[in-house]
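One structure below.
The values are calculated or read from the model by the stated rules, or taken from the named source; none is laboratory data. Since the structure is predicted, the reported quantities are computational estimates derived from the model, not experimental observations. Cβ atoms come from the backbone with ideal geometry, glycine included; neighbour counts cover every protein chain shown. The accessibility values were calculated without ligands, DNA or RNA, using every heavy atom of the protein model including side chains. Shrake-Rupley method; radii C 1.70, N 1.55, O 1.52, S 1.80 Å.
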Amino acid sequence: MSPSSVQDLSGSRLRIFLFMAWRNLWRYPVRSLLTVCALSGGLAMVIFNASLMTGMTRQMVVYATEVSTGHIQVHRQAFADDQDLYATLPWPWLEAIEADFPQLHVAPRLYAAGLASTTETSTGVMIRAVDAERERAVTRMLGQVRQGEVALGVIDETEQGIARYGVAVGAQLARNMRLAPGDELVLVTQAADGSIGNALFVVTAVLNPMELNFDRMGVVMSLEAYRQLMFLEEGFHELAILLDDLDQLEAIQMALQDKLALLEQQTPLDEWGGPVQVRNWKELNPAVSEMLAVSNSMTLIIGLIIVALASLGMLNTMLMAVHERTREFGILMAIGMKKHWLLVMVLLEALCLSLLSAVIGALLGSWLGLRMEDTGIDFSDMMPDGYDWGGIIFEPVMKGWLEPSHVLYASLMMIVVALLASLIPSWRSIRLKPVEAMR
Amino acid sequence: MSAFFRYLALLMLLPSLALARDADALMRHIDGLWRGKTSQATMTMTVTTRRYERAMTMQAWSRGKHYSLIVIEQPVKDKGVATLKVEQNIWNYLPKINRVTKVPSSMMAGSWMGSHFTNDDLVKESTFEDDYDSQITFEGERDGQAIIEITSIPKPDAAVVWGKVVMTIDQQVLAPYRAWYYDEEGTLIRTLVFDQWQQQEDRTIPMRLSLTPQDKPGESTVITYHDIVFDIPLDTDFFSLKTLKRGRITP
């Protein structure tokens with residue numbers, strides 16, 4: 001016999017066995033269908049879960065970066081550690097960085113602690129001053145409006161001729177102080193020169209929850225209003241940077257570090273403020289980046305558990321199938337069937353089952369995942385202000401994100417696990433002794 | 001037998017009771033030193049931080065331990081900024097924007113007018129007698145001065161910031177030398193030094209108070225009294241938001 005005819009022979013044999021396996025499956029259609037249901041249902045759940053997790057991590061990255069943090073932030077150490085008012089970066093550095101990195105979007109920010117009062121209440125607040133135009137290019141902070149319309153310029157003047165600037169406030173702060181757009185807010189702080197900074201403001205907008213602290217005590221104003229309140233001219237506290245291409249994160253971070261070191265050589269900074277720190281969003285939000293790091297393994301583990309449980313159905317079906325066909329197998333062996341062909345036949349049965357389940361499960365799971373991309377799960381009844389993780393507040397709507405590769409991997413995982421489960425019954429079939437089996 | 005022990009216990013307890021009473025009387029004396037029934041004072045507060053040094057001249061009025069009013073006269077930038085204290089409440093009047101703001105209880109630990117004193121100092125300083133259990137812990141000569149050392153521990157239910165306050169007082173004129181403020185862990189947080197003693201009617205008053213925080217070397221707040229008069233006619237009406245809003249503050 002030539003090698004090709006052997007192959008032909010085994011190829012046609014395989015076809016015959018495949019045919020037999022398929023026919024064998026439908027000897028008990030209800031049982032097989034139930035197994036297909038269990039496996040495909042399991043697979044659909046795995047795909048659905050993966051799409052939810054992917055959606056959540058994507059949402060987390062967006063919230064941890066684009067909403068208010070940016071991808072990279074630059075601070076002086078004393079500001080990062082203690083919010084030291086005087087730990088500033090000089091204004092000329094902003095232009096120097098913008099000139100050297102035209103591909104980046106940068107936004108300078110200033111901060112201060114203060115006391116906010118209305119006629120009824122007063123409370124401690126965190127003042128954040130932004131350059132509205134640059135800020136809009138970097139984050140969506142000023143776009144997250146719940147009420148009113150963000151306007152940070154001079155709104156009007158009092159009878160004594162004092163200009164009132166507009167401010168936007170956090171939602172929780174607005175609720176605690178019963179603030180609504182149009183209300184007056186008095187801010188009292190200790191200005192940089194030690195004097196008592198005080199000024200009148202008008203609330204123009206209430207912002208949606210973004211960060212825990214900001215929501216409770218945040219007041220956003222313009223750089224100009226800040227300067228008039230705080231008498232702090234030297235520089236800014238924070239530089240938020242947005243990248244168009246996230247793959248360059250590390251490279252840009254390094255380049256920024258070098259550039260800042262060069263700038264520091266040209267204009268040495270005061271020693272109290274400490275060195276300049278360039279940190280990316282993962283370093284800024286370790287809780288979120290750790291969450292992202294474990295989410296892939298979590299998806300895998302949850303998937304394995306679901307698939308393993310579904311495969312128990314497969315194990316049961318195949319055990320039954322082998323058990324009730326003991327006599328049949330005995331006869332087959334008696335008329336000269338090779339044991340390993342018997343094994344192949346049983347495994348082919350399992351393969352048919354799992355392939356069928358994979359197709360149905362993948363379709364069902366993808367459909368569910370795609371639906372989640374559109375509608376998502378809305379928790380806003382339970383958590384109207386979203387939930388927070390590591391100080392960042394997330395939308396109460398969970399959206400899915402279907403990755404085609406996840407569908408493929410989940411289906412492969414299901415097929416492999418199901419086949420592994422069916423190895424046990426098939427192994428039993430070849431250990432049969434023909435005479436005993438026929439008895 | 002048991003009667004004997006009770007007698008012995010009583011005998012041992014007596015001196016400490018007497019001492020405790022003495023300490024309370026001393027603290028009451030210290031509490032009232034700058035106050036009298038009513039008082040009016042002019043003083044300069046110099047705040048030195050590593051970033052700036054600022055001197056503020058102000059007028060202060062008080063009536064009993066519950067009412068006080070402080071108005072800044074210098075520098076021009078802060079002229080007219082007033083702080084009113086009525087019992088446990090503090091209000092600030094800001095003439096530039098013509099508004100009165102209340103200092104919330106959450107800000108009591110915050111700095112008062114940029115100094116190293118807290119808002120809480122303004123409210124709580126007067127209640128040594130009410131909030132602390134004081135005991136004489138040393139009596140005798142130290143650094144060539146005959147002193148009494150009084151240690152004050154907050155009463156269990158008192159809402160105070162300090163874990164312990166130790167003060168040394170001159171045995172003769174009963175004026176304070178120094179006070180050390182400790183937190184609940186027993187770490188020294190700040191030291192208050194009293195000097196430039198001056199005889200005022202029936203009492204000796206330190207005219208200068210220097211506060212140095214322990215964690216910020218080189219920083220300090222010094223309050224120097226220029227003049228102080230007691231028992232002038234001052235109504236409780238004077239210590240009101242109305243007075244604050246009137247702008248020009250005179251009794």
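Condition first: away from every other protein chain (no Cβ under 14 Å), under 24 Å from B:Met113 (Cβ atoms) and outside any helix (DSSP H, G or I). Can you find one or more residues in region A:131-148 that meet it?
No, that holds for no residue.
Which one is nearest to A:Ala113 (Cα to Cα) among residues in region B:99-112 that are buried (at least 18 other Cβ atoms within 10 Å of the Cβ) and at pLDDT below 80?
That would be B:Met107.
With the checklist (1) open to solvent by 50 Å² or more (accessible area, probe 1.4 Å); (2) within 28 Å of the chain's Cα centre (by Cα) in hand, flag the one item A:Glu159 doesn't pass.
(2)
Hey, B:Lys96 hits all of (1) open to solvent by less than 70 Å² (accessible area, probe 1.4 Å); (2) part of a loop (DSSP other than H, G, I, E, B) but one; which does it fall short on?
With respect to (1) open to solvent by less than 70 Å² (accessible area, probe 1.4 Å); (2) part of a loop (DSSP other than H, G, I, E, B), B:Lys96 is out only on (1).
State whether the residues of region A:113-125 include one that is in contact with a Phe, Trp or Tyr (Cβ under 9 Å, 6 or more places away or on another chain), more than 14 Å from every other protein chain (Cβ to nearest Cβ), in a strand (DSSP E or B) and open to solvent by less than 20 Å² (accessible area, probe 1.4 Å).
no
Out of the residues in region A:1-42 that are β-branched (Val, Ile, Thr) and over 17 Å from A:Leu356 (Cβ atoms), which is modelled with the lowest pLDDT?
A:Val6
Just give me the residues in region A:355-384 being open to solvent by 80 Å² or more (accessible area, probe 1.4 Å), part of a loop (DSSP other than H, G, I, E, B) and aliphatic (A, V, I, L, M), in sequence order.
Selection gives A:Met382 alone.
Quick check on region A:171-185. Is at least one of its residues touching a residue at least 12 places away in the same chain (Cβ under 8 Å), under 18 Å from B:Lys96 (Cα atoms) and not assigned by TED's automatic domain parsing to the domain that holds A:Phe394?
yes
Here is a check on your reading of the model: is A:Leu239 at pLDDT 90 or above, over 22 Å from A:Thr69 (Cα atoms) and in the same structural domain as A:Gly143 (by TED's automatic domain parsing)?
The answer is no for A:Leu239.
Do any residues in region B:88-99 that are over 14 Å from A:Arg164 (Cβ atoms) and at the interface with chain A (Cβ under 10 Å from one of its Cβ atoms) have Cβ atoms under 6 Å from those of residues that are of a type in the set (D, E, K, R) and not in a loop (DSSP other than H, G, I, E, B), where the two are at least six apart or on different chains, and which pairs are they?
If the second residue must be of a type in the set (D, E, K, R) and not in a loop (DSSP other than H, G, I, E, B), the pairs left are B:Trp91/B:Lys102.
Name the residue, out of B:Leu174, B:Leu192, B:Leu244, B:Leu209, that is in a loop (DSSP other than H, G, I, E, B) and not small (Gly, Ala, Ser).
B:Leu174
Only one of (1) surrounded by fewer than 22 Cβ atoms within 10 Å (Cβ to Cβ); (2) modelled with pLDDT of 90 or more fails for A:Tyr165. Which number is that?
So A:Tyr165 meets the others, but not (1).
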